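The values are calculated or read from the model by the stated rules, or taken from the named source; none is laboratory data. Quantities reported herein were computed from a predicted structural model and do not represent experimental measurements. Don't worry about glycine lacking a Cβ; one is built from the backbone with ideal geometry, like all the others, and counts go over all protein chains shown. Accessible surface is based on the protein model in full, side chains and every heavy atom, while ligands, DNA and RNA are left aside. Shrake-Rupley method; radii C 1.70, N 1.55, O 1.52, S 1.80 Å.
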Amino acid sequence: MRKLIAAAALVTAAVALVSGTAAAAPVPVTAPAPARAEYLSLRSWTLLNEHGPGANPGERLTARVDARTVGGRTRGHAVVQHEFIGEGTVRVEFDVDCLTTGHGAVTVTGPVTTATATPVGGRPPTTGPAGWHPETGLTFYPADEHGERRVGWAGADLSDPGKPSRATMCTPVPADLWVIGGRTVVRR
């Protein structure tokens, strides 16, 4: 019974993460589509929390990005991973096809290359169907007036691959996560 409850919790959490839902209301993005730079790089590893600016016991949500635009061509890779301690992990990877800046924020978007929910205990993982590559994205916002940094994440719904993508190429994602650790470096 305990394993069944844990599995149900993992599936629910996986759906929430991959669909991009969060407990806090997202901050709307009002900026127009940002402009592409001739040279821009983003390297980031961040520890995130979907519930607020403090630590989140029992969960570990991270985003790792290495992307660059040189001469109008964007390349890179991003990984968003949500570990539910004792229950399993959801991991979404995407190849970056757009890196943009605007109003102090930096956005990376790209098609999902893999999305996997892996429960603990040797049960088989859940993956997206073959040929499924919805657009996804991350936007890193500057610190607000309280010194809090936020990140927007638009995943893809692993539980319903037929749903339309929540992200659009080169478009900022509303802030729905808090940065609680890590570092983000942007070079122009």
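Here are some notes:
- Long-range amide H partners of THR136 with built H, under 5 Å: GLY110, VAL112
- Highest average packing first - 71-78, 176-183, Cβ atoms within 10 Å: 176-183, 71-78
- Estimated at 0.36 nm per residue, the fully extended path between ASP144 and VAL79 surpasses their Cα-Cα distance by 20.9 nm.
- Dipole magnitude of region 50-188, debye to nearest 20 (Cβ charges: Lys/Arg +1, Asp/Glu -1, about Cα centre): 520
- Whole-number accessible area per residue in Å² for region 77-188, which is evaluated in the context of all protein chains at 1.4 Å: 45
- Note on region 112-177: with neighbouring protein chains present and a 1.4 Å probe, carbon and sulfur make up 57 percent of its accessible heavy-atom surface.
- Packing-based ranking, highest mean first, of 144-154, 83-93, 124-134 given that Cβ atoms within 10 Å are counted: 83-93, 144-154, 124-134
- Rounded to the nearest Hz, the phi-derived 3J(HN,Hα) couplings of region 41-56 under the Karplus curve 6.51 cos²θ - 1.76 cosθ + 1.60 (θ = phi - 60°) are 9, 9, 10, 8, 10, 10, 9, 10, 9, 8, 9, x, x, x, 5, 10, where x marks glycine and proline.
- The apolar share of the surface of region 48-90, taken as the fraction of accessible area on carbon and sulfur atoms (1.4 Å probe, ligands and nucleic acids excluded), comes to 47 percent.
- Between THR168 and ARG188, the distance separating the two model label sites (each 7 Å from Cα on the Cα→Cβ line) works out to 2.4 nm.
- Proximity of backbone amide H atoms, modeled 1.01 Å from N, is registered between ARG150 and TYR141, VAL179 at under 5 Å, excluding neighbours fewer than 5 places apart on the same chain.
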